[in-house]
Every structure is written in C-alpha cells, then in structure tokens.
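The structure appears right after this line, and notes come after that.
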Amino acid sequence: MNKDSILAASLARLDALIATEYRADPPDFAAKAQAIGPDLPDELAQALTGLVATHASLQAEPDPDDARIADFAFRCGQVHEQLRAHRQIELELEASAQVPSAQAEPLARFIEVRDRLFRQVADFTLKALLIMLGLLTLGLVLGLV
C-alpha cells in the first residue's frame with residue numbers, strides 16, 4: 001500500500017464520525033476539523049488540530065518514515081474513540097436534561113434495579129460456566145469423557 005492510501009484509510013472512520021455525529025459538511029478533513037473545533041473541549045480540539053498538521057506534513061513528504069505513518073494511524077484511532085465518547089456523553093446529557101425532575105427518581109431506580117439484575121445474571125452465568133469447566137476438566141482427568 002502506498003502512503004496516500006494508508007493516510008486515507010486512517011482518516012476514513014474519523015472523517016465519517018465527524019460528518020455524521022457532528023454534522024460537519026466541508027469536503028476535506030482539515031475543514032471539518034476546523035468547523036467542529038470550537039464546539040469541542042480544548043484537549044480534543046488540540047488533538048484534532050495536531051492530526052490535521054501531521055496529515056499535512058505526511059502528505060507533503062515524498063517518502064515519510066513508516067513509524068510516523070503508523071503513529072498517525074494510531075492517533076487517528078485514539079481521537080476517533082475520544083470524539084465518539086465525547087459525543088455519547090453530550091447525547092446522554094441532552095437526554096437527561098429532557099427528563100422532568102418528577103420522573104428522574106423512578107427512572108434512576110429502574111436503571112439501578114436493571115443493572116443489579118444484569119449483574120446477578122452475569123454472576124450466575126459465570127459460576128455455571130466455571131462449574132461446567134471444572135466438571136469437564138475432572139472428567140478428562142479421570143478419563144470419563
């Protein structure tokens with residue numbers, strides 16, 4: 001694979017996330033990053049700006065180092081996950097702001113009961129799997145299976 005295809009593949013998921021979740025519609029990655037930069041926390045905005053600068057410098061070099069290209073691809077993945085998590089938090093805050101305070105307490109209790117139930121089911125399933133694994137191992141050791 002050549003340099004341009006690796007760089008494009010590295011940016012593809014990040015570019016799609018910015019376009020869909022943040023509704024940025026400029027045609028290139030640098031313009032999209034600049035468009036959403038003011039809406040992001042400083043740390044994310046700086047990481048995105050750093051990616052734009054690194055992308056530009058890698059494209060300008062005729063034969064960049066493979067380690068720099070791999071580092072760029074890794075950082076694209078990191079920023080993608082950070083942006084996705086940030087957007088998820090924003091959506092949850094928007095949803096919680098829409099819940100009337102009279103419904104907040106029953107909703108919180110429901111979520112707590114649901115989480116407790118899931119945890120109990122997961123604990124039981126884990127114990128059952130461990131017991132079956134132990135019996136299988138015992139059966140193999142004794143030559144019963």
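Of the numbered criteria (1) more than 30 Å from residue 29 (Cα to Cα); (2) open to solvent by 100 Å² or more (accessible area, probe 1.4 Å), the one residue 93 fails is (1). Looking across the stretch 69-90, the residues that are open to solvent by 60 Å² or more (accessible area, probe 1.4 Å) and within 15 Å of residue 20 (Cβ to Cβ) come down to 84, 88. Check the stretch 63-85 and report whether any residue there is modelled with pLDDT of 90 or more, in contact with a helix residue (DSSP H, G or I) (Cβ under 8 Å, 6 or more places away or on another chain) and among the polar types (S, T, N, Q). Looking for residues that are modelled with pLDDT of 90 or more, in contact with a helix residue (DSSP H, G or I) (Cβ under 8 Å, 6 or more places away or on another chain) and among the polar types (S, T, N, Q), one finds at least one in the stretch 63-85, hence yes. Counting only helices (runs of 4 or more DSSP H) that sit completely within the stretch 42-145, those holding 2 or more residues that are under 30 Å from residue 11 (Cβ atoms) correspond to 42-60, 66-98. Look at the stretch 100-112: where a residue is at pLDDT below 80 and a partner is hydroxyl-bearing (Ser, Thr, Tyr) and open to solvent by less than 100 Å² (accessible area, probe 1.4 Å), sitting 6+ places away or on another chain with Cβ atoms under 9 Å, you get 104/96. Could you list, in sequence order, all residues of the stretch 42-56 that are open to solvent by 40 Å² or more (accessible area, probe 1.4 Å) and under 23 Å from residue 3 (Cβ atoms)? Passing the criteria: 49, 53, 56. Annotation: of all residues in the stretch 32-41 being among the aliphatic types (A, V, I, L, M) and under 13 Å from residue 15 (Cα atoms), the one that is most open to solvent (accessible area, probe 1.4 Å) is 35.
Selection of the stretch 12-31 for residues being assigned to a helix (DSSP H, G or I) and not polar (S, T, N, Q) yields 12, 13, 14, 15, 16, 17, 18, 19, 21, 29, 30, 31.
Please go through the stretch 96-124 and pick out each residue that is among the small types (Gly, Ala, Ser) and open to solvent by less than 80 Å² (accessible area, probe 1.4 Å).
Result: 96, 104, 108, 122.
The values are calculated or read from the model by the stated rules, or taken from the named source; none is laboratory data. Computed from a predicted structure; not experimentally measured. Please note: Cβ atoms are built from the backbone with ideal geometry, for glycine as well, and neighbour counts cover all protein chains shown. Calculation scope for accessible area: heavy atoms of the full protein, side chains included, ligands and nucleic acids excluded. Shrake-Rupley method; radii C 1.70, N 1.55, O 1.52, S 1.80 Å.
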